[in-house]
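Notes to accompany the following structure.
The values are calculated or read from the model by the stated rules, or taken from the named source; none is laboratory data. Everything quoted here is computed from the prediction, not taken from an experiment. Positions of Cβ are generated from backbone atoms using ideal geometry, with glycine treated the same way; all protein chains shown enter the neighbour counts. Remember, those area values only see protein heavy atoms, side chains included, never the ligands or the DNA or RNA. Shrake-Rupley method; radii C 1.70, N 1.55, O 1.52, S 1.80 Å.
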Amino acid sequence: KIRALVKGQDNHAAFLRDSFYGLFSYCSHRVPEIADDLYKIDQAVTACYGWQYGPFETWDILGVPKTVDRMRESGFDIAPWVHDML
C-alpha cells in the first residue's frame with residue numbers, strides 16, 4: 001500500500017514523499033544519537049505513535065537504494081552511514 005501511495009503523480013503522493021523523505025533524513029542523522037540500533041527507533045515509533053511500521057521499516061519497504069536516489073534528486077540530505085551501507 002505504501003509503495004502505491006508514494007508512486008502517485010498527484011499532490012497527495014508528493015506530500016507523502018516529502019514527508020517520508022524528511023523523516024528518513026532526520027532519522028538517518030539521529031543514529032547513533034538516539035539509539036545505536038535501527039530497530040530500536042522503529043520499536044519506539046511503533047509503540048509510542050501507534051504506527052504499523054517504523055521509519056526504517058518503511059524505508060526498507062520503499063527500497064532504500066531507489067529512495068536514496070530520489071531523496072538526493074529532491075534535495076534531502078542522507079547521513080553518511082547510509083551511503084557507506086549501500
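Once you list every other residue whose beta carbon is under 14 Å from the beta carbon of Thr67, what net charge do they have if Lys and Arg are +1 and Asp and Glu are -1?
With Lys, Arg at +1 and Asp, Glu at -1, the net is 0.
Here the extension length gained between His12 and Ala44 equals 8.9 nm, from 0.36 nm per residue of separation less the Cα-Cα distance. Ordered from highest to lowest accessible area with the whole protein assembly present and a 1.4 Å probe, Glu33, Glu57 read as Glu33, Glu57. Within the chain, the chymotrypsin sites (Phe, Trp or Tyr not before Pro) that combine a DSSP coil assignment with at most 15 other C-beta atoms in a 10 angstrom radius are Trp51, Tyr53. Using a simple spin-label model with pseudo-atoms 7 Å out from Cα toward Cβ, Glu73 and Ser19 lie 2.2 nm apart.
Ligands, DNA and RNA excluded, the heavy atoms of Asp18 present near 80 Å² of accessible surface to a 1.4 Å solvent probe.
Give the shape of the range 1-64 as rounded, prolate or oblate, defined through the alpha-carbon gyration tensor: a ≥ b ≥ c are the square roots of its eigenvalues, a/c under 1.5 means rounded, and otherwise the shape is prolate if a/b is larger than b/c and oblate if not. Walk me through the numbers on the way to the answer.
On the way: a/c = 2.29, a/b = 1.82, b/c = 1.26.
Verdict is prolate for the range 1-64.
For the chain, the solvent-accessible area works out to 67 Å² per residue, with a probe of 1.4 Å and every protein chain left in place.
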